[in-house]
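To keep things clear, I will list the structure first and then write my remarks on it.
Here, each number is a calculation from the coordinates, and none is a lab measurement. Fair warning: this is a prediction, and the values are worked out from it, not measured in the lab. Note: ideal-geometry Cβ built from the backbone for every residue, glycine included; neighbour counts use all protein chains shown.
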Amino acid sequence: MDFSHWEQIPRSSWRMAVLVGANTRTYKFALGSALLDAAAEGRSEILLRDLAVPYAMELVRHLGQAPQVSQKGERGEKDFLSVAEREAAESLRLGSPTEELLAAAIQSMPRMVMRKFHNLRGEGAEVPHRFYEVTGRSHEQVVRLSKELRDIAQSEQAPTLRGELSARWSIVETSFAIGIGQSLIREGVVVDMSTLQITDRQRRRSVAGVTDSVIGFQRGLCLICAEPITPEDDIAVDHVFPYSFMRLLRPGDQGTAPDLDAIWNLAPTHAHCNGQKSNRPPTREEMTRLAQRNEAIMQSPVPLKKTLELTLKHNKHSSTRPGEWLRFIQHVHDLL
Ligand SMILES: [Zn+2]
């Protein structure tokens, strides 16, 4: 996959682990969240049983809202998710996992989600940094948290990473819901411009914010100035090609002009950069960054990827040819 322009830093590896890769279940997000919490406290190690508590609780909270497994995912009675469903109500009432749920989490985490967290799609492919290591045996297992993980969890970018993780979780679990998932996968997502939320067409319900959903794919950087967007900054969602250009765009060969109110053309920026930009067309650098951002989203699973594929298809561009986003964006620029 093409992340060659991403710096090889731990934060990029974290983003790849969370944002990219096929998901048939949501365990990875629950683990990611529990790891960030533990590392934010500056800990270098934590008992597996202590890490299992927030992990299990995050999952049971999400179970109440949406399915945590894809329709294709098969599972048996001993499956951790089956146990979580049985124990969810009681665990929520207690405010902590039941004995049975905790035991199931401790048993399944090292064998399953903790083995896969660093994996990327493709045989044997892994992110270049390690965030933890499981040591010790059976009931005394200890999770050593790496310095890279602590640095990430204590950095000023940590809230951004949390937002990304949570948006990704919502998008993935929404894609698991019967019907809605199918329509999202078939039609892609739409953006409600009044609230800047990605919404599912069928239920007209918001899934996640545009900023949280895509900022990770542009590495947390402002699309205009390419500097980091920090939690203190005011953020705007920029139309990279200004919306007012809609009526100026000549229809392409296919008879309709590209939609400028869609994910492919929307990017988080500093509010002040956005204000200064006003109604000018994007620069060459901005177009390149937008193309790279969109190429990165294309590496993530449905439905954001599907949305971008549909944009390319509707505009008679290939959704599989490498480098197609830059060609498409240049093509839109030429329509002006
Ligand atoms: Zn900026």
Seminar exercise, completed: Ranked by GNM mean-square fluctuation in the chain (Cα springs under 10 Å), the top entry among SER13, SER44, SER194 is SER194
Problem set entry | Sequence-distant residues sharing a close amide H with ASP238 (under 5 Å, placed H) | ALA267, THR269
For this session: Give the order of THR230, THR174 when sorted by the count of other beta carbons within 10 angstrom, beginning with the fewest.
Result: THR230, THR174
For this session: Find the centroid of the Cα atoms in the range 19-61 and in the range 284-328, then give the distance between the two in whole Å.
Result: 31 Å
Exercise. Taking θ as phi - 60°, what are the ³J(HN,Hα) couplings along the range 105-117 by the Karplus curve (6.51, -1.76, 1.60), each to the nearest whole Hz, with x for Gly and Pro?
Worked result: 5, 4, 6, 8, 4, x, 7, 10, 4, 6, 6, 9, 3
Problem set entry | Per-residue ³J(HN,Hα) for the range 121-136, Karplus 6.51 cos²θ - 1.76 cosθ + 1.60, θ = phi - 60°, Hz, x for Gly and Pro | 5, x, 4, x, 7, 9, 5, x, 10, 9, 9, 6, 8, 9, 10, x
Problem set entry | Span from the the range 65-121 Cα centroid across to the the range 202-227 one, whole angstrom | 28 Å
Problem set entry | For GLU7, net neighbour charge (Lys/Arg +1, Asp/Glu -1) across residues whose Cβ lies under 13 Å away | +3
For this session: Pull out a ≥ b ≥ c, the square roots of the eigenvalues of the alpha-carbon gyration tensor of the range 156-210, then state rounded if a/c is under 1.5, prolate if not and a/b is larger than b/c, and oblate in the remaining case.
Result: oblate
Seminar exercise, completed: Amide H proximity to GLU45 below 5 Å, modelled H, separation 5+ or other chain, gives LEU145
Exercise. Could you put ASP192, ASP79 in order, starting from the residue whose Cβ has the fewest other Cβ atoms within 10 Å?
Worked result: ASP192, ASP79
Seminar exercise, completed: Taking a label point 7 Å from the Cα of TRP6 along Cα-to-Cβ, the residues of the range 200-220 whose backbone nitrogen sits under 16 Å from it are 213-220
Exercise. From the phi of every residue in the range 300-306, what ³J(HN,Hα) in whole Hz does the Karplus formula 6.51 cos²θ - 1.76 cosθ + 1.60 yield, where θ is phi - 60° and glycine or proline is x?
Worked result: 8, x, 3, x, 5, 4, 4
For this session: Positive end of the charge dipole of the chain (Lys, Arg +1 and Asp, Glu -1 on Cβ, about the Cα centre): tell me which of LEU304, THR269, PRO258 has its Cα farthest that way.
Result: PRO258
For this session: Treating the angle as unsigned and between 0 and 90°, give the value, to the nearest 10°, between the Cα long axis of helix 284-297 and the longest Cα principal axis of the chain.
Result: 40 degrees
Exercise. What does the charge dipole of the range 218-307 about its Cα centre add up to, to the nearest 20 debye, if the Cβ of each Lys and Arg holds +1 and the Cβ of each Asp and Glu holds -1?
Worked result: 320 debye
Seminar exercise, completed: Fewest to most Cβ atoms within 10 Å: TYR132, TYR243, TYR55 sort as TYR243, TYR132, TYR55
Exercise. Can you give the extra length, in nm with one decimal, that the chain gains between ASN119 and THR195 once fully stretched, where that is 0.36 nm per residue apart less the Cα-Cα distance?
Worked result: 23.9 nm
Exercise. Where nothing but the Cβ of Lys and Arg (+1) and of Asp and Glu (-1) is charged, how large is the charge dipole of the range 82-219 around its Cα centre, in debye to the nearest 20?
Worked result: 220 debye
Exercise. Which residue, GLU123, GLU148, GLU286, has the most motion in a Gaussian network model of the chain that connects Cα atoms within less than 10 Å?
Worked result: GLU123
Exercise. If you place +1 on the Cβ of every Lys and Arg and -1 on the Cβ of every Asp and Glu, how big does the dipole about the Cα centre of the chain come out, in debye to the nearest 20?
Worked result: 760 debye
